[in-house]
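Note sheet for the following structure.
FYI, it's all coordinate maths here, none of it is from the lab. If you're wondering where the values come from, they're calculated on a predicted model, not measured in any experiment. Note that each Cβ is placed from the backbone with ideal geometry, even for glycine, and that neighbours are counted across all protein chains shown.
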Amino acid sequence: MPSRLIINADDFGLTPGINRSILELHQAGVLTSATLMATGPAFDDAVAIASRNPTLGVGCHIVLTDGTPASPPETIPSLLGPDGKNFRTSLLDFVHHLLRGRIREDDIEREATTQITKLQQAGISITHVDTHKHTHLFPAAARPILRVLERAGITAIRNPFEPVFTQNLAHAGIKRRLQISALNRFRPAFERHPQLHDGAVRTTSGTLGVSATGNLNASTLAEILSAMPADGVFELVCHPGYNDRDLDRVTTRLRAHREIEMQALLSAIPSTLAQPNSPTLIHFGSLTTVARETPTLP
């Protein structure tokens, strides 16, 4: 059986231009999934797009850093930055507090529940969950999030770890490879979470494109896809969008490159699908039928 590939765009709901690019890429057949930000400025627009395009898998992009909470701030104090209203803007600051036990798991659980509930109340049938900046690769964040998923009946989560075969490709510089190698020490703990071990929540064999964030052009994407194994279920994470005035108004380090990623998908995905034994494109809603067939790769 050929490998299966989920092509997921993060940041759905951040701006109308990001939403429009996700719609256009899905209609072009090169994007199968997107994760929606509960407090994104263009949330309502994204919900309308999702309702008109039921073949697009829609997950919840849980934000715990560099954003605005969905919960009343006074109910999640350990997640907040110095202003007492918003999340910490620095990922390193978030990780520093998380690893030292200064962020309460029940605060994460409460905020994740609120974000997921907002999507469900808007009529979104949530296929899966991932996190902004992959914060759920840390056990102290994954534990409460997985508890929320189990209660909410959400059966899939992003595997935040990149397979070895993409870490060693030319696009990944030595500094990026060392960072990912260091983070991969959390992978055994992630796989031991009872919800994943018992199959209540499914995941993939790994996520492609993490090491290429900010560098996912057509040649890089073609390189990643050509190295993909002949079996397994993988996710390609991407951040397409239009670099417009709305994007100028939000905090993001990915600006001009979002349009490069759009063109990369439009170029590389059709070429890949035209090859013999090309991967089958799916979204996370299909994992219930394929996950147990697929081994987790190192």
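Below is a table of values for the structure above.
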| item | result |
| --- | --- |
| Per-selection metrics, the range 186-270 (Cα): Rg and Dmax in Å | 16.0, 46 |
| Alpha-carbon spread of the range 77-183, three principal axes, descending order, Å | 44, 34, 20 |
| Other-chain or far-sequence residues with amide H under 5 Å of L64's (modelled H) | H132 |
| Volume in Å³ per residue [convex hull over Cα atoms, computed for the chain] | 119 |
| Given the chain, longest segment not containing exposed loop trypsin sites (Lys or Arg not before Pro) (DSSP; at most 11 other Cβ within 10 Å) | 103-248 |
| Phi-based couplings in Hz for the range 33-49 (Karplus 6.51, -1.76, 1.60; Gly and Pro marked x) | 8, 8, 10, 9, 8, 4, 10, x, x, 10, 4, 4, 5, 5, 4, 5, 5 |
| Positive-end residue of F12, P77, L265, charge dipole of the chain with Cβ unit charges | P77 |
| Cα centre as origin, Lys/Arg/Asp/Glu Cβ charges: the range 86-158 dipole, Debye | 100 |
| Candidates G241, G29, G214: whichever shows maximal mean-square fluctuation once the chain is modelled as a Gaussian network with Cα springs under 10 Å | G29 |
